[in-house]
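The structure appears below as structure tokens.
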Amino acid sequence: MNAITRTLNTSRLFVISFTVYLIIAALYCSSASKADCFIHLNFLHTAALDRFFTVYTLLGDGLILIVLITILLLCRRYLQCIHVVAAFLASGLAAQVIKELTHAPRPRTFLQPGQYQYFIEGVTGGGWASFPSGHTTTAFAIATIMALHARKQWMAMLYLVLAISVGYSRIYLGQHFPQDVLAGSIIGVFFAACIYVIIPQVKLFGRRLSPEPAAHNFATLELP
């Protein structure tokens, strides 16, 4: 119970903001069909936004994990690094299992020809792996761990905004419905929070890892 209390105290603003996001997103997704929700959220498309979101969505790709792990190791944030990897693996596995069970069509496969005109050639794919959004799951899992380890509330909020933006990028690029993104965000946050609580202390090579980094120039760096 102490771990849960500590988690809420250190990231109260993140928890509150995510709850608000969750309520708004759930109400929106339940207000209309998934096709209508998808089309309504894609009212604005430009070439510049196409290029931006095509690159930005990579923040939810597994490759970003390598970069993040490298930074955390340089900063001697060993426990946080373990949390990030564990949350990524657990949430990603859960998302893939659900994908296989649901076998839900992506927007390009689901929508009728001519119903939506902003699919991006070479970027938007079809198929039957829409629910939930894997990129969104990864983004929220990593953002949650980063927020729970953040020393400043505004940093925790930044992580949440970045994750929500990744989720929207999946809708903008025509890869997922809003419902897929909502489910991905729930899965990511749930597994990340569980990992944070379940692994409060870890021993590596006989040494106990502390949530606080060691006194070092890199270690005292607050990650963005």
Tell me, yes or no, whether the range 121-138 has at least one residue that is more than 23 Å from F18 (Cα to Cα) and touching a residue at least 60 places away in the same chain (Cβ under 8 Å). yes
With criteria (1) in a helix (DSSP H, G or I); (2) over 17 Å from the mean Cα position of the chain (by Cα); (3) among the polar types (S, T, N, Q), T19 comes up short on (2)
Does C29 satisfy being within 15 Å of V181 (Cβ to Cβ), over 19 Å from the mean Cα position of the chain (by Cα) and either in contact (Cβ under 8 Å) with a residue 24 or more places away in the chain or not in a helix (DSSP H, G or I) (or both)? no
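A quick yes/no check of all residues on (1) acidic (D, E); (2) at pLDDT 95 or above; (3) touching an Asp or Glu at 6+ places or on another chain (Cβ under 9 Å); (4) loosely packed, with under 13 Cβ neighbours inside 10 Å:
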site: I64; (1), (2), (3), (4): no, no, no, no
site: V67; (1), (2), (3), (4): no, no, no, yes
site: C75; (1), (2), (3), (4): no, no, no, no
site: A86; (1), (2), (3), (4): no, yes, no, no
Going by the conditions given, is I24 over 16 Å from the mean Cα position of the chain (by Cα), assigned to a helix (DSSP H, G or I) and free of Cβ contacts under 8 Å to residues at least 24 places away in the same chain? yes
Within the range 124-181, count every residue that is under 11 Å from the mean Cα position of the chain (by Cα), closer than 22 Å to Y196 by Cα and either surrounded by fewer than 22 Cβ atoms within 10 Å (Cβ to Cβ) or among the acidic types (D, E) (or both). 3
Output the residue which, of all residues in the range 155-202 that are at pLDDT 95 or above and of a type in the set (S, T, N, Q), is nearest to H45 (Cα to Cα). S169
Within the range 105-116, count every residue that is touching a residue at least 24 places away in the same chain (Cβ under 8 Å), surrounded by fewer than 17 Cβ atoms within 10 Å (Cβ to Cβ) and assigned to a helix (DSSP H, G or I). 1
Having 1 or more residues that are touching a Gly at 6+ places or on another chain (Cβ under 6 Å) and in contact (Cβ under 8 Å) with a residue 40 or more places away in the chain is the bar; report the helices (runs of 4 or more DSSP H) wholly within the range 46-104 that clear it. 78-102
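The values are calculated or read from the model by the stated rules, or taken from the named source; none is laboratory data. Given the structure is predicted, the values throughout are model-derived calculations rather than measurements. Glycine also receives a Cβ, built like all others from the backbone with ideal geometry; neighbour counts cover every protein chain displayed.
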